[in-house]
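Okay, structure first, notes after.
The values are calculated or read from the model by the stated rules, or taken from the named source; none is laboratory data. Predicted, not measured: the structure shown is a model, and the values here were computed from it. Virtual Cβ from ideal backbone geometry, glycine too; neighbours counted across all protein chains shown.
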Amino acid sequence: MSQNIQVIHNLGRGFIWTLLFCISPIFSQPDSPMPGYTLFSPGGPTQNPGDPFYTFLLNTEGETEYIWEHVCHPASMPYLFPDSSILRPCRVPEPTMINGGAGGRVQHITWDGAVLWDFVLSNETYQHHHDIQPLPNGNVLLIAWERKTAEEAHALGRLVINNPLNEFWADAIFEIQPDGFDGGVVIWEWHVWDHLIQEVDPELPNYGIISEHPELININYTTVGGGGGGGGQPHGDWMHLNAVDYNVELDQIIFSSPRMNEFYIIDHSTETEEAAGHTGGNSGKGGDFLYRWGNPRVYNRGTQEDQKIFVIHGVNWIREGLPGFGNILYFVNGNNRPDGLYSTVEELVPPLNNEGLYDINPGQAFAPEFPVWIFDDNQGFHSQMQSGAFRLQNGNTLVTVAQYRRIFEVSMDGNIVWDYTHPGTEGIIPRAQKYRTDYLSETISLTIPYFEGWNLVGLPINVSDPSQEIVFPESLEGTLYSFDGGYSLATALTPGSGYWLMFGWETNTQITGTAINSIEIQLFEGWNLITGISTSVQLENIVDPENLIVTGTVYGFQESYEQVEILYPGKGYWLKSSGDGVIIVED
């Protein structure tokens, strides 16, 4: 697959490269790294204003295979899709609420850098921060702060507001269905504000005995915000949720809170109205917590000695087919850990029963007492911020130590078999994920935009049926014209040749087939109508041994002629040749 992946800093626009998904779990030797591609977006507070940000794709040797360039700072990690596009959360220029992990923007970006979706959640009530989670149905889960006033918090039993803003930022989780280029429809939502408990005033809402309600959260636990957050500004952050994951088999959501030192599981099968209450859904418990673990002091079923997590990031389920399937994997930063400042990666077996619920004994904390696996490399790594861990198909675990820009792969017996540190001395890598080499296959789909009216087109991939009605079903019949010294009506397309074609409306055409990585094009003296290959190609990279191409005579057509420096897939171009001969357009 590496022959189809290259580093392109000057990314082209105007099409989508889709590599079809093909994966089946295999297990390699335990002390070898999993062959694959590691994806991450580094960033940091010392970034010079106006400088670009990048997403990197590394191979197993730690070499950069591909780079995406961005204008916005990462909020958390990107996600790679089988079609080779990425989904990336990042920071808007002026967040409405600012603390560590502030985001506000989610972009879906093709392999070649074209933005397919550019969604913003940053307003006076909600501000996205940290993580997102793409769902199998194409929707996206987002974490967001929800601004509440001190008066609203006091009315629900909060005693002290610890920030000069006099605000209480609760957290919410939204399921967003992409709608157009920059729109999104809220399909489902959950608010921690609907699941609070207090035992200070029986005259106020949500009054109850905290220890009798582990499904709710104590509104008076820990501080609310402070005078200086992730950017030095005052903030009202309370739980500071920092990671979210989805379990398709259980239809449940898990998320982590470093300020509570816990992670939580809720039911996603609920309707939004049920998620705001205490009944409904597969669990029958509405939006209440089904499970929580890490610090039973929060629900008054433990002491300081019972606290197991000391700042948490990156919680996720281990996927089906992987060693430890169904278990929960997470990164403990170790801040304020009683026995020393070091981080751990931990795996926990939840007390899941046959009904999809989690057993708990009356008056006791949720089991288990300890994780089933803990790795600390002899207290050899630490990050006070972000970080995470993911189980891989070969049984190893990929670990990101955010603060030191380090990513390593460790076997279950504790041997580090792959270790990478990103160059530089500043900035962080929030989290990274690794994908097997066959996650991206060589069968591709291209989605190419065309406008209403006449377009210059080409066939960018090999297809089984190159006829106009199959390749361009949205085009108008009888409008495909080739050029060979004069125009001729055509019914099918040939790779390397350009054509005029008319569309009745603006459209995006998807073409599926096998990639064309190189093609020889016969030129004749004078004007020629050509097309490129499956990837964008700079004119300077065209192989022209006889110097046939007349400088400054390559033109595209976007409602009018324009001189170009790049050949994009699926587009046609005029080119003037000084004589007869062959040029080679290649990846």
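Any idea which of 91, 105 is more than 12 Å from the chain's Cα centre (by Cα) and surrounded by 20 or more Cβ atoms within 10 Å (Cβ to Cβ)?
The match here is 91.
When you scan region 487-523, how many residues do you find that are of a type in the set (Ser, Thr, Tyr) and over 28 Å from the mean Cα position of the chain (by Cα)?
7
Please enumerate the residues belonging to region 60-108 that are in a strand (DSSP E or B), of a type in the set (Gly, Ala, Ser) and under 21 Å from residue 180 (Cβ atoms).
104
What's the number of the only condition in (1) among the hydrophobic types (A, V, I, L, M, F, W, C); (2) in contact with a Pro (Cβ under 9 Å, 6 or more places away or on another chain); (3) surrounded by 14 or more Cβ atoms within 10 Å (Cβ to Cβ) that residue 204 fails to meet?
In the conditions (1) among the hydrophobic types (A, V, I, L, M, F, W, C); (2) in contact with a Pro (Cβ under 9 Å, 6 or more places away or on another chain); (3) surrounded by 14 or more Cβ atoms within 10 Å (Cβ to Cβ), residue 204 misses (2) alone.
Any residue in region 101-118 that is within 15 Å of residue 225 (Cα to Cα), out of contact with any Pro (no Cβ under 7 Å at 6 or more places or on another chain) and touching a residue at least 60 places away in the same chain (Cβ under 8 Å)?
For region 101-118, residues within 15 Å of residue 225 (Cα to Cα), out of contact with any Pro (no Cβ under 7 Å at 6 or more places or on another chain) and touching a residue at least 60 places away in the same chain (Cβ under 8 Å): present.
Say we look at region 559-587 and pick out the residues that are touching a residue at least 40 places away in the same chain (Cβ under 8 Å), under 42 Å from the mean Cα position of the chain (by Cα) and not in a strand (DSSP E or B); which of these is surrounded by the most Cβ atoms within 10 Å (Cβ to Cβ)? Even if it seems obvious, please write down each step before you answer.
Step one: filter region 559-587 for residues touching a residue at least 40 places away in the same chain (Cβ under 8 Å), giving 559, 566, 568-587.
Keeping just the survivors that are under 42 Å from the mean Cα position of the chain (by Cα) gives 559, 566, 568-575, 583-587.
Keeping just the survivors that are not in a strand (DSSP E or B) gives 559, 568-570, 587.
On the way: 559: 10, 568: 23, 569: 27, 570: 25, 587: 16.
Here the residue is 569.
Name every residue in region 322-349 that is among the charged types (D, E, K, R) and not in a strand (DSSP E or B), in order of residue number.
337, 339
Hey, which of the strands (runs of 3 or more DSSP E) in region 469-558, taking only ones fully inside, have at least 1 residues that are assigned by TED's automatic domain parsing to the domain that holds residue 577, in contact with a helix residue (DSSP H, G or I) (Cβ under 9 Å, 6 or more places away or on another chain) and at pLDDT 95 or above?
Answer list for region 469-558: 498-503, 549-557.
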